[in-house]
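Taking it in order: structure first as structure tokens, then the write-up.
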Amino acid sequence: MSLIEEIAEAVNVVENQTKEIREYINDPRKHYKLRQNKPLFSQICSSLDVIGDTEQAITAFEAGEFGDSTAGRYLAIYGLLQAIYVQQDAVDNLCEGLGIPENIKKYPTLLQIREIRNDVVGHPTKRNRPKSNPTSYHHISRSSLGSTSLNIFSFSGNGTSKHRSINILGLVSEQKKYISAILSTLTGRLEAEDKAHKEKFRMEKLVNLLPDAMDYGFEKVFEGINTASNRENGAICLKLIHDCYNQLIEKLKEREEYPANNVLVHHIDDILYPIKKLEAFFEDSAENTLSEKDAYIFASFLSNKHSYILELLKEIDEEYEKGT
């Protein structure tokens with residue numbers, strides 16, 4: 001496999017990895033938790049976008065979309081090295097935003113690439129680092145500037161000098177290799193966190209919190225609406241239904257699914273409203289605004305919505321059981 005083919009393959013890897021990370025953070029439970037810290041969530045979103053944006057810039061360089069003039073090559077090299085540097089920062093900030101202890105400092109090759117960028121693009125005319133190295137001065141040899149390589153001449157304040165030949169495609173390949181390694185660590189950690197959470201609750205079935213006996217309860221609610229003498233039994237069964245949903249909400253909170261799971265929360269809220277209205281009907285309180293016909297319609301809605309929620313809970317149970 002040629003170097004260009006290796007780079008093209010790495011592009012797809014980076015794109016797929018960022019896509020996978022997005023899928024993990026867009027999971028309702030994870031998404032809700034991350035959004036509680038709005039600055040860090042914004043940092044995560046910005047970092048993922050910038051990783052993708054800089055990948056496009058790097059790909060444009062590889063495709064030679066800058067023309068064949070010396071001026072175009074200068075612009076391409078400056079842009080490439082800056083894109084590489086920004087991409088590294090974005091990956092670092094993504095790790096920080098997700099709270100995962102991984103960063104580019106663990107990869108000496110990435111730090112070397114940053115040094116090349118600083119020499120060529122960052123501070124070429126005067127790099128002043130008195131705590132570590134003497135002041136230095138750098139420039140690209142114009143005659144050496146090609147589409148895949150360049151030479152850098154460097155002079156130090158202590159009188160020394162050096163010449164470096166840089167293989168640009170090799171540098172790009174190393175960048176992609178180690179950026180991919182960091183993203184792989186992130187996806188691995190996110191996957192492990194998700195599996196650990198689901199394993200913790202895998203044996204607890206949410207559907208068991210809404211047992212089949214509730215069907216009998218709904219029958220009694222309808223009987224209580226249709227026959228005044230059955231109102232007391234209807235009220236008792238409605239309370240049992242209400243208690244089951246309260247238990248479900250508490251369990252969902254324990255599993256960090258409530259209020260994170262917007263779809264499920266929406267349908268549960270739809271159930272709590274008619275329950276409250278029907279409770280007022282059975283109590284014949286001053287708050288009751290329902291006729292018997294109204295109450296029947298509310299109970300029908302309640303029963304249908306309950307069946308739909310059961311299906312949602314079955315899907316969640318299956319997801320937890322699979323661990324994915």
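Could you please rank 184, 173, 47, placing first whichever residue has the fewest other Cβ atoms within 10 Å of its Cβ?
Least crowded to most crowded, the residues run 184, 173, 47.
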- Query: For residue 160 and residue 109, what does the FRET efficiency come to when R0 = 22 Å and r is the distance between their Cβ atoms, rounded to the nearest 0.05?
  - Reply: 0.35
- Query: Could the peptides 30-40, 122-132 be put in order, highest first, of the mean number of other beta-carbon atoms found within 10 Å of their residues?
  - Reply: 30-40, 122-132
- Note on the structure: Taking the chain and counting helices only, DSSP H stretches of n ≥ 4 at -39,500 (n - 2.57) each over all residues, the nearest-500 ellipticity at 222 nm comes to -23500 deg cm²/dmol
- Message: Taking 0.36 nm per residue of sequence separation and subtracting the Cα-Cα distance, how much length would be gained by fully extending the chain between residue 230 and residue 69, in nm to one decimal?
- Response: 48.9 nm
- Where only alpha carbons of the chain are counted, the Rg and the Dmax (Å): 30.9, 104
- Item | Normalised contact order of the chain, rounded percent, pairs of Cα under 8 Å and 6 or more residues apart | 17
- So for R0 = 35 Å, FRET eff. of residue 192-residue 53 from the Cβ-Cβ r, to 0.05, ends up at 0.80
- Angle in degrees between helix 168-201 and the longest Cα principal axis of the chain, rounded to the nearest 10: 20
- Normalised by the residues of the stretch 204-322, what does the relative contact order come to in percent, with Cα pairs under 8 Å and at least six apart? 30
- Task: Enter the angle in degrees (range 0 to 90, nearest 10) between the Cα long axis of helix 262-283 and the first principal axis of the Cα atoms of the chain, meaning the one along which they spread out most.
- Result: 20
- Item | Distance from the stretch 134-171 to the stretch 253-317 (C-alpha centre basis), Å | 71
- Item | Partner aspartates and glutamates for residue 105 [C-alpha distance under 19 Å; skip if fewer than 8 residues away on the same chain] | 89, 92, 96, 115, 119, 174
- Query: Ignoring the sites themselves, what is the longest stretch of the chain with no GluC sites (Glu not before Pro) in a DSSP loop and at most 12 other beta-carbon atoms within 10 Å?
  - Reply: 66-286
- With springs only between Cα atoms under 10 Å, which of 186, 264, 75 fluctuates most in a Gaussian network model of the chain? 75
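Please compute one quarter of the surface area of the Cα convex hull for the stretch 204-322 and express it in square nanometres. Can you show the working numbers first?
On the way: hull surface 28.3 nm².
Over every viewing direction, the Cα hull of the stretch 204-322 projects on average to 7.1 nm².
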- What length, rounded to one decimal in nm, is gained on full extension from residue 16 through to residue 262, with 0.36 nm per residue of separation minus their alpha-carbon distance? 85.9 nm
- Could you point to the residue in 263, 248, 285 farthest towards the positive end of the stretch 204-322's charge dipole, with +1 and -1 charges on the Cβ of Lys/Arg and Asp/Glu respectively? 285
- Taking r as the C-beta separation of residue 285 and residue 208 and R0 as 35 Å, the FRET efficiency to the nearest 0.05 is 0.60
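All of the numbers you see were taken from the coordinates with simple rules; none came from a lab. Since this is a predicted model, take the numbers as computed values, not measurements. Neighbour counts run over all protein chains shown; Cβ positions are idealised from the backbone, glycine included.
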